[in-house]
Structures are given as structure tokens and as C-alpha cells.
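Worksheet: the structure to be examined is printed underneath.
The values are calculated or read from the model by the stated rules, or taken from the named source; none is laboratory data. Small disclaimer: the values here were computed from a predicted structure and weren't measured. Cβ placement follows ideal geometry from the backbone for every residue including glycine, while neighbour counts extend to all protein chains displayed.
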Amino acid sequence: MSFEHATPRAAYVHVPFCRHRCGYCNFTLVAGRDDLVDNYLRAIELELHALGRPREVDTLFFGGGTPTHLPPAKLGRLLELARAWFPLAEGHEFSVEANPADLSEEKIALLADAGVNRLSLGGQSFDAGKLTLLERDHDAGQLRRAFELAKKRISSVSLDLIFGTPGETIDTWRGDLAAALSLVPQHVSTYGLTFERGTPFWSRLVAGQLDRLDEESERAMYGLAIDTLSDARFEHYEVSNFAQPGHRCRHNEVYWSGAGYFAVGPGAARYVDGRRETNHRSTTTWLKRVLSGQSPVAESETLYPEDRAREALVLALRRMEGIDRRGFATRTGFEMDRLVGESLGRLTALGLLEDDGARVKLSREGLFVSDSIWPHFLRR
Ligand code: SF4
């Protein structure tokens, strides 16, 4: 049985609720629609029943939206459903995304008692001006409190940070990194702000009300994050992710390894038996379809082996350890040099990849422009 066709050992549950929509966010969510929570739980239960039988997993991930926006009783019900259909194997990782403004002691206890052992806190910044600009509903004090509360019960706490906001200086970003490190997180994810079509930030950019930070400053900020976190003994293990030893996000590593995973909820994407499916992104459409007995799937495709191999290459290159030629051939049935030899040679000559003959990985220069590298390996 090929790697992609093995029964998945990972599962994702999408929770689409948020208190309000931050101006830069284009995730699948509904803001201010808590009236839909009961129907959401009913629909999740139906989607889970469609699995036919419980599926034991090594990693379970609740993402959003904001899973911790659910009131305790509803969050408890979701945890119960997920645990029943995705029983956790020994040594599991159970991650939940959380918003500092929603995180109470009661909710943390609920999560910890249900086996959650990794919390990903959407802090984004400690700077008041930056948080206001990002339209976040917490301040630095709430973020610190939420972090300290979480640390008492949950063994691995990760912080998300955003850099490259309009008008941000390198000193502001340096301050964010220092404040994050002072909390001693087990994991940090850093993302450059992007302006996605359809978001209020995009409209404000087009209307000239917001300015993109220049590329050079953004690059300096990413470089500062890599150096600061590496100096603090974090392992830079993926383009945007840094972990203390033993605290990599195992669930995300499943995605980057090209292995399969189950998924439920609006907009959720699954990869089972070599087939990729994505649920309807609109929460109300997803609800209507599931509750009326229709399929929640909006798109599905079975990738050709060559496309699957190319995709596996790109996913693997996101990891700092890169990709081993022999392992790639065994896993995909394709020789890397036959498949993408010309692009590999060109990008290595440009100094964007490092190739020692056995293994290929991103160079430091390549890290700064990684998004422009991936299309060279995919079929157009
Ligand atoms: S809290 Fe997170 S998911 Fe919700 S709107 Fe803001 S950025 Fe998006």
C-alpha cells in the first residue's frame, strides 16, 4: 500500500466561529453568528457518523475560526464528539487553536481534561498599535494572562506572531519577539501579513488607505525572527515554524509529509485514499447540505501520480531538513532529477536551494522567496 493510501492517522475539525472578523482574515468563518452553534454541532455529528466507524488517530487538530470561542458546554460537546470518532492513540498530540480574549480557566480545564496537550494561541503581537490595526480583540495583558493560564495545564503552548504590518518598524517587531520569548513558549509561528482579495484589508489597500510594508523591511523582519528564535535555541523546522526540542507540531508535519488525514467542518479539506476533498466554504451552505442529508463536499480530485509526487516535493521542501533523493523515489516512484532536474539545477545555481547530491533543501536566501520557488516544481 502506498504512503498516500494508508489509512490516515490524523484528523482536523474546523470550528468556524469568531467574535468578529479581523480585517486581514480570509479563513472560513462566521462572525457574530453564535445562533448557528447548535446546528453546527448537529452537522459535525452527522459528518462524523459518515466515517462509518471510529478512526484512531495520532494527531487531532481543532482549527478555525476560533474553537475557544464556543461556550464551555458547546465546546465540551464538540470535544466529546471528536474524541468518540477520533479516539486518540497513546502518545497522541491534540492541538487546539485559541484566541486570548476567549480563553478562560474553565475552558482550559475542559480542554486539558479532554486530552488537549497543545494549544496554539493567536497572539499576533504585544504592541497596542499593531493589535488595533489588525483589529484584534485582545491586548498584551490579556495575551500574557491567557498564556500563563494555558501553561499551567497544557504542556505545549505555541504563539502565532504577525510581522510586516503597515507602518511597522523593526524595533516594534524586535519588541514582539522579545515579549514572546519572555513567556517561554514551546513553539512560535511567524507569518508576514498578506493582503488577501475579498478582505477589508484588501479593499483598504486598493483604496490607498493602507500601505504594504516594503519588501526589504519585511525581509529584515523575517531574518530577525530566524536569528532571534534560533539564538534562543528554537529549532527552525519549517518556513514559518520554530520549536523547542520535542515540540514540533506533529499534525502539521503530517501535511508536509504528504500523508493522509481526515477532516470535518465547513471548508475542511481531507486527503483519504489518494483523493483530496474540500467541503463547502460557506458555513451556511455546509450546514444546509449536511443537515438535509447531502454531501458537504464542494470539490474533489484524485491526483495523478506525477502531480502527487510534485506536490509531495513542494511540501517536503517547506521543511528545513529538505528532501532526500532516495526516500523521495521510494515513496513516490519518481526520480527527483528526472521529474524536476532542470528546475533543481537552475534554483541551486541561483543560490535558492542547497543540493549535496543526496538531499535538497532551501538555502537561507531561498527561505526569503520560498513562495516564488514552489511554482517551478508544479505542473502548469
Ligand atoms: S480571530 Fe483569527 S480566525 Fe477569527 S477573524 Fe480573527 S484572524 Fe480570523
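Remark: Thr68 matches the filter, which requires a residue to be of a type outside the set (A, V, I, L, M) and within 14 Å of the ligand (Cβ to nearest atom). Of the residues Ala11, Ala73, Ala89, the single one that is outside any loop (DSSP other than H, G, I, E, B), of a type in the set (Gly, Ala, Ser) and crowded, with 17+ Cβ neighbours inside 10 Å is Ala11. Scanning region 1-52 for residues that are small (Gly, Ala, Ser) and either over 30 Å from Pro305 (Cβ atoms) or within 16 Å of the ligand (Cβ to nearest atom) (or both) returns Gly23, Ala31, Gly32, Ala43. Inspect all residues belonging to region 177-189 and state whether any of them is of a type in the set (A, V, I, L, M, F, W, C), at positive phi and either modelled with pLDDT of 95 or more or more than 16 Å from the ligand (Cβ to nearest atom) (or both). So far as region 177-189 goes, yes, one or more of its residues are of a type in the set (A, V, I, L, M, F, W, C), at positive phi and either modelled with pLDDT of 95 or more or more than 16 Å from the ligand (Cβ to nearest atom) (or both).
The rows are residues; the columns are (1) more than 20 Å from Trp256 (Cα to Cα); (2) within 21 Å of the chain's Cα centre (by Cα).
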| site | (1), (2) |
| --- | --- |
| Thr285 | yes, no |
| Thr302 | no, no |
| Leu313 | no, yes |
| Ala329 | no, no |
| Ser343 | yes, no |
| Arg346 | yes, no |
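Here's the yes/no breakdown for (1) in contact with a Cys (Cβ under 7 Å, 6 or more places away or on another chain); (2) within 11 Å of the ligand (Cβ to nearest atom); (3) of a type outside the set (Gly, Ala, Ser); (4) not in a loop (DSSP other than H, G, I, E, B):
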| position | (1), (2), (3), (4) |
| --- | --- |
| Val96 | no, no, yes, yes |
| Ala112 | no, no, no, yes |
| Leu119 | no, no, yes, yes |
| Asp137 | no, yes, yes, no |
| Gln142 | no, no, yes, yes |
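Please verify whether region 197-205 includes one or more residues that are touching an Asp or Glu at 6+ places or on another chain (Cβ under 9 Å), touching a residue at least 12 places away in the same chain (Cβ under 8 Å) and over 23 Å from Gly175 (Cβ atoms). Among the residues of region 197-205, at least one is touching an Asp or Glu at 6+ places or on another chain (Cβ under 9 Å), touching a residue at least 12 places away in the same chain (Cβ under 8 Å) and over 23 Å from Gly175 (Cβ atoms), which makes the answer yes.
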